[in-house]
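Single-structure report; data block below.
The values are calculated or read from the model by the stated rules, or taken from the named source; none is laboratory data. Computed from a predicted structure; not experimentally measured. As a convention, Cβ positions derive from the backbone with ideal geometry for all residues, glycine included, and neighbour counts pool all protein chains shown. Only protein heavy atoms, including side chains, enter the accessible area calculation; ligands, DNA and RNA are left aside. Shrake-Rupley method; radii C 1.70, N 1.55, O 1.52, S 1.80 Å.
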Amino acid sequence: METLLLDTDDVDANATMAELVPAVREAFAAYERGDAQMPAKSYIDLPQYNGDFRSMPAYLDAGEWDAAGIKWVNAHPDNPDSFDLPTVMGTMVYSDPHNAYPLAIMDGTVLTMKRTGAAAAVATDALAVPDASSLGIVGAGVQSYTQLEAISQVRDITEVVVSDLREERIERFIARFGDEFDVRAGSISEAGHCDVVSTVTPVSEPIVDADDLGEHTHVNAMGADAAGKHELADEILLAATLVIDDYAQTTHSGEINVPWSAGVLDDDDLYAELGEIVVGAKAGRTDADGVTVFDSTGLAIQDVAAAHVVYEHARERGNGTAFDLLGV
């Protein structure tokens, strides 16, 4: 038996958003039905390097397919400036759940970016106004690209407003998408008054205030993925229809973790987990909703679903490098 080694280009080529979004939606549904196992994300904190490692294992049964895997991933915010490396890097081991054979070892960096975008798209489809056509992005790092690529799969996005402290990041973003969308730079408030806004920053003090949002804006809060991170003012979270990806993770390390630990938020402030909406146990956006917020921490089931898509296509197309990892 052979294991496929799939590098960044292989993962990118075999992970189209048109397929990743439904695969991640299936992962949320499987998790809600109880057809997935996902132990808590474990952390190795490295304050001396301003970073951390996380291990993320999962198994899911989507009905027509099942899959298992584990991702080893980091978050080192100093990497771009200090080492010319991405802030987030990861390695995914994708295994056959029937016999545990490692089917693939693949780049988890692109995989993480793409499945995170796909999760935002699933949430946007459930919670944004049906005719949403404008997308705001706060934070023009690498994750901003997959936010637009994914969300434009579920809404007819024509206008994009991007906000970032670094002008060169905005310029790169506009250069990448300017031929496909009406893209312009703007303030956080201008981005927040779009139909949908995705916040993708690593800040620990809120940068989006309640008056920075439109009356019916849907917010994808994507940046907070560790304890202490916090992008949105507490007033937003208290007033919004608040949807989370996973209770244990969001209360520990999601957008809600800071006000949760301070007692500002509690169970009564949570409307649903996204999986509940996906399977129809809870309604998505209704006419009565104003601002909606999706608190995304990133789930291992998303990685496994994305890895499934990548592996199946790579095998069909003969991509990657096959090698005998175990000598069996």
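Taking all protein chains as they are arranged and a probe of 1.4 Å, the heavy atoms of I44 leave approximately 80 Å² accessible to solvent.
Which value in deg cm²/dmol, rounded to the nearest 500, describes the helix-derived mean residue ellipticity at 222 nm for the chain, given -39,500 (n - 2.57) per DSSP H run of n ≥ 4 and division by the residue count? Taken over the chain, the calculation gives -10000 deg cm²/dmol.
Solvent-accessible surface of region 282-323, averaged per residue with a 1.4 angstrom probe and all protein chains in place: 35 square angstrom. By a 1.4 Å probe calculation restricted to protein chains, H216 has an accessible surface near 90 Å², given to the nearest 10.
Per residue, the accessible area of region 1-102 comes to 51 Å² when a 1.4 Å probe rolls over the protein heavy atoms. Applying a DSSP loop filter and a limit of 13 other Cβ atoms within 10 Å to the GluC sites (Glu not before Pro) in region 24-65 leaves E64. Select from V110, A126, I188 the residue farthest towards the positive end of the dipole of the chain; place +1 on Cβ of Lys and Arg, -1 on Cβ of Asp and Glu, and compute about the Cα centre. After comparing all options, I get V110. Volume per residue of the convex hull around the Cα atoms, evaluated for region 1-54, comes out as 187 Å³.
With all protein chains in place and a 1.4 Å probe, the accessible surface of region 133-291 carries 47 percent carbon and sulfur. Of the DSSP H helices in the chain, those with a Cα length along their own long axis of 18 Å or more and a mean Kyte-Doolittle hydropathy reaching 0.5 comprise 109-127. Between the C-alpha center of region 289-328 and that of region 40-102 there is a gap of 11 Å.
The HN-Hα couplings worked out from phi for region 188-195 by the Karplus form 6.51 cos²θ - 1.76 cosθ + 1.60 (θ = phi - 60°) are 4, 5, 5, 5, x, 8, 6, 4 Hz, whole numbers, x standing for Gly and Pro.
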